[in-house]
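The values are calculated or read from the model by the stated rules, or taken from the named source; none is laboratory data. Here the structure is a predicted model, which is why all the values come from computation and not from measurement. Counting neighbours? That spans all protein chains shown, and the Cβs are built from the backbone with ideal geometry, glycine included. The protein model used for the area step is the full one, side chains on, heavy atoms only, and it has no ligands, DNA or RNA in it. Shrake-Rupley method; radii C 1.70, N 1.55, O 1.52, S 1.80 Å.
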Amino acid sequence: MDGMLSQDEINALLTGMDLSADDSSAQEPGNVVGIDESLLTPDERDAIGEIANISMGSSATTLYSLVNRKVDISTPVVQIANWDMVVDAYERPCVFIQINYTAGLDGSNTMILKEHDVKVITDLMMGGDGSNTDGELGELHLSAISEAMNQMMGSAATSMSTMLGKMIDISPPDASLVDLNDFKKGGDIAPFLEGNFVKISFRLQIDDLVDSTIMQLYPIEFAKGLFESFVLNQPTPEPAPAPEPSAPPVMEMPAGQPDMSQMNMGMPMQAMPQMGMPMQGMPMQGMPMQAMPQMGMPMQAMPMQAMPQMNIQPAQFQSFNSNGAAVAGQENIGLIRDVPLEVTVELGRTKKSIAEILDFAPGTIIELDKIAGEPIDVLVNGKFVAKGEVVVIEESFGIRVTEIIK
């Protein structure tokens, strides 16, 4: 019909339309509108995933020490995202935790947790069983989760310092409760959330109390900086070893001559005649060896040099007394006379169970193993050396030694 557009013309017009950021909810089949996957190369994705995996592994250990429950954090998934993807993935409200790097890296890191997960973690940190999740999320919850994230990301920063070969430090995390419906654009929360950014997703499990997904959001430039630092800190591959030199050619001996390559210089002399080489007995010191006619190499034994004369003297030992103790000079005791020793007077001992100790109160009387009037023990540096009796010297207690223990 005249004046009507065909379906092909309609499709052509739709294809040529300018999809602006204001219509970010529109989608093409199989693609998310406004996502540029080419912002990160496959190598950059793999490196960022490896850094996040090791960092969150150390964070899981830290979280376990805080909640005293088994914590599992899965392998991260790295992808390019925009604000609409974050809004669609999370329930309302949720907790945003902003972490800035103060040393080693120039950028920020935003983590997103569900409100219920924050309540469970806070309850566990305060000694609960994780079931106290009623009521609204307050300042106490935000303060507790900030402290947890501070310790978790602190351990993650330590792991990153090892991987990247430089000191990395973070600022104290800033946690806030955010209703995603109140923000039409991510730039109202953080400037880098305005366009495309890197989203790293983890599955977080804490026993049977939490089974959720947490996110880390990175600016594109920050993620690329991580990749460059990671590549620069990789060890340089060692050069391949040089090829071994080829073996020298084997020289053939003329017919009738013994093969020198087969002679073992360490063979006993008895085996030599079997090779067709009759030899005279070994000469004594200073006597010449007979020539070896079969070899065609007349040789004489080298005379052995005379052994040098040794000056040997009997060993000198320290004198001992009849008890086997070394006799020390009387002057040596003066070296330790000023060494202070701790003197303890022990009135007596006893044993009590934990239940009895817990029942102690002011006025409780504890019976000791000493009888009234029995000598008390004197210990020097914990060693029992004497016995004595208690005396009063003006307004202080004292001990009169009555017996020295030998």
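List of remarks:
- J(HN,Hα) series, the stretch 122-139, from Karplus relation 6.51 cos²θ - 1.76 cosθ + 1.60, nearest Hz, glycine and proline x: 4, 5, 5, 5, 8, x, x, 9, x, 9, 7, 10, 7, x, 7, 6, x, 5
- Among residues other than Ala103 with Cβ under 9 Å from its Cβ, the summed charge is 0 (Lys and Arg +1, Asp and Glu -1).
- Between amide H atoms placed 1.01 Å from N, distances below 5 Å from Asp377 occur with Glu346, all of them 5 or more places distant or on a separate chain.
- Average accessible surface for the stretch 99-138: 42 Å² per residue, computed with a 1.4 Å probe over protein heavy atoms with every protein chain in place.
- Other residues within the sphere of radius under 14 Å centred on the Cβ of Val120, judged by their own Cβ, net out at -4 (K and R +1, D and E -1).
- Modelled FRET efficiency - R0 30 Å, Asp43 with Asp88, Cβ distances, 0.05 increments: 0.55
- Taken along the Cα-to-beta-carbon direction at a fixed 7 Å, the label points for Arg203 and Ile393 span 7.6 nm.
- Gain upon complete extension [Ala372, Gln234; 0.36 nm per residue less C-alpha separation]: 42.1 nm
- Between the amide H of Gly130 and those of Leu124, distances stay under 5 Å, these residues lying 5 or more places away or on another chain, with hydrogens modeled in the peptide plane.
- Computing FRET efficiency as 1/(1 + (r/R0)^6) for Ile54 and His116, where r is the C-beta to C-beta distance and R0 is 30 Å, gives about 0.60.
- Förster-model FRET efficiency, 22 Å R0, Lys70 and Glu147, C-beta, rounded to 0.05: 0.60
- Remark: the Leu379-Leu358 segment gains 4.6 nm on full extension, using 0.36 nm per residue and subtracting the alpha carbon distance.
- Charge tally around Val231: other residues with Cβ under 15 Å, Lys/Arg +1 each, Asp/Glu -1 each, net -2.
- In this structure, the amide hydrogen of Thr102, modeled 1.01 Å from its nitrogen in the peptide plane, lies closer than 5 angstrom to those of Asp169, Ile170, Ser171, counting only residues at least 5 positions away or on a different chain.
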